[in-house]
Amino acid sequence: DRTWWRRLPRELTAGLAGPPDVRVLIEPVASGGKVIAGSGAPSAALIRRHYSQAVAVNQEDLGVVLVGLTRPDLRVAMVRGISDLLDGKAAADAGGSQRMAAERAAAFAFELLHLAEPEDVSSGDAAESWTAAGRRRFEASLTFPLVRALLAVRSPGSSAIATALNWDQLLVAHADRGARRRARHFLVEVGETVIAYVVENQRHLIQAMPPALLASVVDGLAGTLHRAALTALGIGHRAGVRADALAVHFAEAGAAWSDLDEGPAYPLRTLAAELGAYGSEALLALPQLTMENLPRLWDEVPRPGAVLGAALGRFPGHGRPGRSPADAYTTDYLRNVAQALDEISMFGIDLAPEVRRYSLTTGYVSLRARDGAPGDGRSAAVGAPPGGTPVEVALASANRILLTGEAGFGKTTLLQWIAVSLARNSMPPPLQKWHGRVPFLIRLRAYREVALPTVDELAAEIAGQARQPPSWCRARLGSGAVAVLVDGLDEMPAEKRPEVRRWLADLIAQSGTSAVFVVASRPIALRDEAYHLAGLEFHRVEVAPMGDAEMSRLVTDWHTATAERLPPAERSAHVARGELLFRTLTNSWQLRDLASSPLLCAVLCALNYASPGGLPHRRVDVYERALAMMLGRRDRDRGVAPLLTDDEQWTLLQYIAQRFLHAGLSEASRQSTERMIATVARSLPNLAGDPASILVELLERSGVIRAPAADTIDFVHRSFLEYLAARSLLDEGRIEDLLTHVWSVDWADVITLAVGSARSSDALRLMRGILDQVDREPPGSARHRQGRDLLARCVSASTRVDIDVHEKVMDLLAALIPPADRAEADAVVALGQAALPLLNRHLSAAGTYPATFIDIIARIGGDRAMGMLREHAARCTAESHDALSDAWSHFDPARYATQVLAAIPQQTVWFPLFDVSRLPFTPLLPERFEVDVFVAVPGHTFPALAAGARIQTIELVARDAMAMDWLVQIRGLTEATFHRLNRLELDPRTGRNEDLRGLMLVDCFTGEAFLDCRSLLCFPALEELIVQGPARIRNLHFLGRLPALRVLLMDDASAVEIGTSVIESASLRDVALPRLPAQDLTLVSGCDNLALLDVRESAITSMDGAADLPELYHLRATDCTSLEDLTAIADLGTLTELDLRGCGALPIEARAHLYGWLPGLDLDERLSLAPDDDVLGLRPATMDDIAEAAGDAVDGDMRDALFEVFVPVEDQDVSPVKPRDGWIVGSLEQIHLPSEESPDDEDD
């Protein structure tokens, strides 16, 4: 058809003889960025080898097509005129081939344009066009600028990141090409995930824009992010990387983009703000996202999209188009709450910036609470369980909660966590009924000197009022869709408390019935009549002290959260120090009591971090630094101005403590305490206020004393009383007063703390005085032992001891070695480093260390103790391995591994490991170590710790929904046992463990979750799979793809999902599937080499499938009560062991024919029947019945055997018994006759 030629204008065809002969081929063309010089070029060979269907090559088409794909308004087609071959190009060009090719290509292209009529693109088509091509352009254009801007926020001062113009410039620091590729893939996934959520959240805005406008906005956004990166350096450090800071910053950068017309301004600012909001949430989810941390990140977070998806999916979105300004503001407010409050600050202690603040989401620990009764909060909780209930459960008991607890018990953090969880819609199950409420957090300490917030100012503390729609807060409050969180009733001055009570009552009166109110206070403030809350229907919940579980979680989470801000090289050691700290706390009852308060536990964590050698070993130092924090410093950091100076508080509290001590008081009346204050006030000329007001200030602000009842004053912790009393006595020079109380148990810790706090001369005087009194007591007497123990504690507390005193004390203490019981062992530990020479002297003679001594040396700790254990390890036996493993928890993990454990001499060391914090250091152990890990309920940090470990066997009690990706990353792991595991989602395409041989699952997958056997393909070397408990398992046929699997043992297969699965395996030899919910044995019919099969108590009705098992010699089908058909095993000549006891549905014919079918059974192993008419509903079988059914199949010997067993009931002279029905394997001696008598002799 040459109509195309006739359509051309005459000026184009003039002078041409006629239309050219055009030949059209629709074939693949290979296009790329390389010039192919000839047919012998490497790229030409590559194309011939892998893309042989290509008929032509060029260097231009690919670039044009890629650009065209980014434009949703364009359709791209390439028309290529072929002018020459790879070889002989010059000759072809000289012959005019290029002109000919151009003419023909032009002819085809113009006709194609003529035939391609313009399309009427509907809105649906436009949306589809955006989804495909436009979205690719959006992502491709913005991914790099967004990632660069986020990295600039996270890297203050790094101008190289902000000014990089492409990936190569951004990743130039990674010299290795593979590292650059991995870094790029990681960052691209981060950027694309953030952009995907922005696109989803703003789809209505993006799809409404014409293509030209969208292209302009995309260009503007790229420029916006470039500008934002240049000016964002340090914004994360200054603003905490929160949505309102980053989003406004990005939006402002977009507004300043002067090259755009007014049309794109609104969508550009909106999309820029969204990129900032979701980008800041991504930075919170990946707090280590810096260029320095990239190598570690792509190892620890191989799928950042999944991590970010979990976080961004909870982030409040703007949703549908046409939302009201109030709804849009609600979303922005929730975003700011989620990010502004997702941080915990350590008040009152000097810390490096990297650990002074850490993530609330990561570091929050669920506390326990004692639930009270409705009322004004005056009465203590009655009838609460000793350990309390989870605080979330207690909070769910009412919508108006009065939250009480002593100073530092976590009330402020709990309110902050409630606000963040509501903003992110991530409340735990007990509190999910609160979802949908907007949180208003009001910290009353900010209103001590100013007016309380009005209803319309409730959101001002978090988000300000600049863009708040009129009456937004009032409308939310009136609807009841709010949670009003009021912190610090006790922090308001007395004269303002009546106003606070009226303000609170007014808020409740204006709120809807479903509104939640949580008001927090220390108990002492609630005794003020101004805070009489009767009539407001508050339900009291009292925060309880932490137990060991909460303490362990807080210590672990504190170190995990703060590790995120440390250099990568320090993180593992930092987390390991947390485990060591918890051991230290639990080994000292004094420190353990201190750590029961969340605040003081966090203080101890901080002190442990700030001290190069860990937590100060001397209690004196711990108490001094903790009290320094509590006495005013914390209030100043929180912006609360104290009325008393630090010196005045110390003086007052020291005197009160001394008076308590002398009077033998643990508590005193308010009146007597005020008299104490009046006495000491004479020595403080600048002290303002009367004794009553000073006592109130100490109660409400110091956190050291409290009022547990209306007229009762005591110290928040006995240790603080003793330390303050010791300091007071030392300041007054009352050494003799201390010595007169040597035999008083109540003064023992006071004397110890005095020795630790005193000047060297005073400490020496005290110890000489104690020694003199001990010397006067008969050796071995109760007082002598009491004085010896006191001296041991004093030696440990002192900083310097006179030589002669030290020698005398050591002579006394030598009697403690070896310790007779745990109390004496604790006394030796209390000696500290001074005990090591005594231990060494005793152990040098013994040659080896008992486990008790290893424990004592480890608890003492220090370099000298490590040296002693290293000497022991060099000559130890296998019996010491457990004790040496336990000792690892008390030392620097890397040094202990390389210096102590490496000295163990055995060629193969079976080494048990119970402390999971040491897992990252197992690669430091010699190759001859076989590490066996035992973990009971691992913490959430366990997967990260285990991922790089070297472990041979592991036994673990899993947490709910615990991720198991780390399992494929452990090299050398040969056996694994898991208890209560309910998640094993592994993809063999992303990683495999080639070493695992044995896997045991105990009480796993018993809930809603299934074990998909597809996940087991990650263990191609698996030989044994053992399942204990009714696990829910599906896709059993995948087991056939495990080439080494020999053993599959389950003790209850009732929850297995069968379907049409058939396991086709050439390796399986031993299979046990009791209670199998199948009609036959088809499931295992593909196991050609199966030798042993156990399907007892199953639902099978026939043996179908068994005929395909040519190697089967043992079959157990006990208690298969529905089994009727045995035909399938008729030709199994290999079957020599068959157990059919309890198979009562088998007909007599099947019983009789078995002997003929299975000649391999010896006479003494033939099958026997003990019929039971009650069980089977059948009459007892007689010999005639069996003979008639069997016919000639039963020979004489078998007749005799059957007759001996199946004696007709009517022929018996005794009452028949009812033995168990069914078939059994075994000799006649194992078969009980109806008379319950065994055969008398061998002939019987």
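Quick notes
- Each residue in segment 497-514 was checked for being surrounded by fewer than 13 Cβ atoms within 10 Å (Cβ to Cβ) and farther than 17 Å from E457 by Cα, and 2 of them qualify.
- Criterion: at pLDDT below 90 and at positive phi - qualifying residue of G1133, G1059, G1105: G1059
- When A544 is tested against (1) out of contact with any Gly (no Cβ under 6 Å at 6 or more places or on another chain); (2) buried (at least 22 other Cβ atoms within 10 Å of the Cβ), only condition (1) is not met.
- Matching option when the condition is touching a residue at least 40 places away in the same chain (Cβ under 8 Å) and more than 26 Å from A1091 (Cα to Cα), among L984, L967: L967
- Any hit, segment 80-87, residues being at pLDDT below 80 and of a type in the set (G, A, S): no
- Any hit, segment 992-1006, residues being modelled with pLDDT under 85 and part of a strand (DSSP E or B): no
- The number of residues in segment 890-915 that are in a helix (DSSP H, G or I) and surrounded by fewer than 22 Cβ atoms within 10 Å (Cβ to Cβ) comes to 7.
- Here P19 clears all of (1) of a type outside the set (A, V, I, L, M); (2) free of Cβ contacts under 8 Å to residues at least 24 places away in the same chain; (3) under 21 Å from L112 (Cα atoms) except the condition numbered (2).
- Scanning segment 488-530 for residues that are assigned to a loop (DSSP other than H, G, I, E, B) and not hydrophobic (A, V, I, L, M, F, W, C) yields a total of 8.
- Considering segment 798-814, the residues that are surrounded by 15 or more Cβ atoms within 10 Å (Cβ to Cβ) and under 19 Å from G780 (Cβ atoms) include one that is modelled with the highest pLDDT, namely K808.
- Within segment 671-699, if we keep just the residues that are modelled with pLDDT of 85 or more and of a type in the set (D, E), the residue that is farthest from the chain's Cα centre (by Cα) turns out to be D690.
- Pairs linking a residue in segment 144-173 that is in the same structural domain as L230 (by TED's automatic domain parsing) to a residue that is modelled with pLDDT under 75 and among the acidic types (D, E), with Cβ atoms under 9 Å and 6 or more positions apart or on different chains, are S155/E292; A173/E292.
- Being farther than 20 Å from D802 by Cβ and surrounded by fewer than 17 Cβ atoms within 10 Å (Cβ to Cβ) holds for only one residue in A782, A748, and it is A782.
- Residue match in segment 758-770 (condition: under 49 Å from the mean Cα position of the chain (by Cα), more than 30 Å from A544 (Cβ to Cβ) and buried (at least 21 other Cβ atoms within 10 Å of the Cβ)): yes
- Meeting the requirement of 3 or more residues that are touching a Lys or Arg at 6+ places or on another chain (Cβ under 9 Å), the helices (runs of 4 or more DSSP H) wholly within segment 23-104 are 61-69.
- Some residue of segment 730-744 being under 28 Å from A663 (Cα atoms) and crowded, with 21+ Cβ neighbours inside 10 Å: yes
- Contact annotation: residue pairs with Cβ atoms under 7 Å, 6 or more positions apart or on different chains, pairing a residue in segment 271-294 that is assigned to a helix (DSSP H, G or I) with a partner that is among the acidic types (D, E) and buried (at least 22 other Cβ atoms within 10 Å of the Cβ), are L284/D342.
- Subset of segment 688-709 [surrounded by 19 or more Cβ atoms within 10 Å (Cβ to Cβ), in a loop (DSSP other than H, G, I, E, B) and not β-branched (V, I, T)]: G703
- All of (1) among the hydrophobic types (A, V, I, L, M, F, W, C); (2) at pLDDT 85 or above; (3) buried (at least 22 other Cβ atoms within 10 Å of the Cβ) hold for L919 with one exception: (2).
- Single residue of segment 1084-1112 satisfying the filter (over 46 Å from the mean Cα position of the chain (by Cα) and surrounded by fewer than 21 Cβ atoms within 10 Å (Cβ to Cβ)) that is nearest to V1047 (Cα to Cα): E1111
- Taking the conditions (1) loosely packed, with under 15 Cβ neighbours inside 10 Å; (2) modelled with pLDDT of 80 or more in turn, T848 satisfies each one other than (2).
- Screening the candidates L1138, L1081, L1042, L1115 for the property of being buried (at least 18 other Cβ atoms within 10 Å of the Cβ) and under 20 Å from A976 (Cα atoms) yields one hit, L1042.
- Lone unmet requirement of (1) in a helix (DSSP H, G or I); (2) surrounded by fewer than 15 Cβ atoms within 10 Å (Cβ to Cβ); (3) modelled with pLDDT under 75 for H204: (3)
- Subset of segment 1082-1108 [aliphatic (A, V, I, L, M) and under 16 Å from L1048 (Cα atoms)]: L1083, V1084, L1090, A1091, L1092, L1093, V1095
The values are calculated or read from the model by the stated rules, or taken from the named source; none is laboratory data. Predicted model, so just to flag it, every value in this text is computed and none were measured. Positions of Cβ are backbone-derived with ideal geometry, glycine not excepted, and every protein chain shown enters the neighbour counts.
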